[in-house]
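One structure is given below, encoded as structure tokens.
Derivation of every value follows stated rules applied to the coordinates shown; laboratory data play no part. All values reported here derive from a predicted model rather than from experimental measurement. FYI the Cβ positions are ideal-geometry reconstructions off the backbone, even for glycines, and counts take in every protein chain you see.
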């Protein structure tokens, strides 16, 4: 089983749609969780950290379910500029901060 | 604020040639430093990480090496490049204790 698994997509949605990405991780000792965004041929950029209580940043909402080892990202009112690949990332205890990346879910928002 | 610089942005090298990619971080002290590679259409692969000057850990055996001669400088090298070394190389830094990593702009390396 892969350490971090994501649906590769692509997700093709119209502007204004709500889209949800899911991610599962295999190590129950995972400590920190993040969503990154990567535009085509660019570096990954931190989108948001994911906290146990869930957190929101504008149109983006992240949820963590430790019991199910499941992370989600919800994007409301999607914009053309949201088109990118979204990477689910976790860190494990004792890993010296090494990030474990999912392969990403590609989102394409159409006019 | 912290910034990370990585160069060159693109590089075309013949098979068998040497390689040196440099990464520097500003605005922080004693960061963790990382080198990743991303092959076309693939996920990120951690190559090396460093928690301090002269301390390098390798994640994947290969013909690449890394060095950290100064606190905020991280260098990726090879004596003889292979075709399979083509890819997008990313340097990243973080503070300790499971904090997120921040990436440089990357170097796109093509081997001919």
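Roughly how large, in nm² to one decimal, is the mean projection of the convex hull of the alpha-carbon atoms in chain B?
The orientation-averaged projected area of the Cα hull of chain B comes to 6.6 nm².
Both radii were evaluated on the Cα set of segment A:58-111; the Rg over Rh quotient, with Rh as the Kirkwood radius, amounts to 1.05. Radius of gyration over Kirkwood radius for the protein assembly as shown, both on Cα atoms: the Rg/Rh ratio is 0.98. Separation of segment B:5-19 from segment A:5-74 is 33 Å, based on Cα centroids. Give the order of B:90, B:112 when sorted by the count of other beta carbons within 10 angstrom, beginning with the fewest. Going from least to most buried by this count: B:112, B:90.
According to the Kirkwood expression over distinct Cα-Cα pairs, how big is the hydrodynamic radius of chain A, in Å? Result for chain A stands at 14.1 Å.
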